[in-house]
Amino acid sequence: MKRLILLLIFIYIFNHSKSQVKYTGRFETGYHLFGSRPIRLEPGSGWRGYQLDESPNGIEASFVNGISYKSRLMLGLGVGYLNYEGINRYTVYGDLEYSIPSDGIFPVFELKIGSSHINNQYENGNTDTFVDLSGGFEREISKKISLQLKAGFRTVHQSIFFM
């Protein structure tokens with residue numbers, strides 16, 4: 001009898017509680033404006049040039065899946081497509097986003113750390129770690145849809161990009 005009562009209490013609490021953790025999915029697009037190449041290499045034998053030639057600007061389209069806590073903190077895993085003026089491939093990363101929800105437009109901050117693989121002049125391309133740091137604003141369109149506008153910088157493939 002005690003077990004039945006405990007089970008009924010558990011079911012009642014489970015059905016009537018509001019979860020603070022929920023699934024979140026997001027589609028992102030962005031433009032990467034080449035900033036600089038802080039690492040200068042001395043050409044040696046077999047060197048075919050920098051991983052990204054010249055001053056390559058790029059585009060990215062990615063999808064992030066994750067969980068959010070109290071609609072403020074989001075932790076997710078992202079997968080994206082990169083194209084730096086014809087040098088393309090994919091990226092996989094961890095995503096941490098913090099927002100300060102309020103009415104209207106509110107601030108949002110984001111950190112991405114992951115791996116970027118590009119097809120370039122080297123055999124099988126190059127894989128490198130990247131770090132993004134950005135901030136911006138978010139506007140809720142409905143309870144489930146919002147728009148974000150962010151700017152920041154990315155360091156990857158011996159280069160710094162502004163986004």
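Some points to look at:
- Accessible area per residue in Å² at 1.4 Å probe, computed on the chain: 66 Å²
- Gain in span if fully extended, K70 to S146, counting 0.36 nm per residue against the direct Cα distance: 25.8 nm
- When only alpha carbons are used to place a centre, segment 127-163 and segment 101-122 end up 3 Å from one another.
- In the chain, the longest principal axis of the Cα atoms and the axis of helix 2-16 are about 60 degrees apart.
- The chain - percent relative contact order, Cα under 8 Å, separation 6 or more: 19 percent
- Here the Karplus relation 6.51 cos²θ - 1.76 cosθ + 1.60, evaluated at θ = phi - 60°, turns the backbone of segment 63-68 into coupling constants of 10, 10, 10, x, 10, 10 Hz, with x for every Gly and Pro.
- In order through segment 90-97: 3J(HN,Hα) via Karplus (6.51 cos²θ - 1.76 cosθ + 1.60), integer Hz, x for Gly, Pro: 9, 9, 10, 7, x, 10, 10, 10
- Label selected from (1) 0.96; (2) 1.48; (3) 1.39, the criterion being Cα Rg over 2.2 N^0.38 Å as computed here: (3)
- Cα-centred dipole magnitude for the chain, charges only on beta-carbon of K, R (+1) and D, E (-1), debye, nearest 20: 1040 debye
- Between the residues G46, Y81, H32, the greatest Cα displacement towards the positive end of the dipole of the chain, with unit charges on the Cβ of Lys, Arg, Asp and Glu, is found for Y81.
- Of all lysines in the structure, those lying under 22 Å Cα to Cα from K22, and not within fewer than 8 positions of it along the same chain, are K70, K112, K143, K144.
- Cβ-Cβ FRET estimate between V79 and I100, R0 fixed at 41 Å, reported to 0.05: 0.90
- Counting only Cβ charges, +1 for Lys and Arg and -1 for Asp and Glu, the dipole size of segment 100-145 around its Cα centre is about 220 debye.
- Charge tally around G136: other residues with Cβ under 9 Å, Lys/Arg +1 each, Asp/Glu -1 each, net -1.
- Working note: 222 nm ellipticity from helices only, DSSP H runs with n ≥ 4, each -39,500 (n - 2.57), summed and divided by the residues of the chain, gives -3000 deg cm²/dmol to the nearest 500.
The values are calculated or read from the model by the stated rules, or taken from the named source; none is laboratory data. Here the structure is a predicted model, which is why all the values come from computation and not from measurement. Backbone-built Cβ (ideal geometry, glycine too); neighbour counts: all protein chains shown. Note: areas computed on protein heavy atoms with side chains; ligands, DNA, RNA excluded. Shrake-Rupley method; radii C 1.70, N 1.55, O 1.52, S 1.80 Å.
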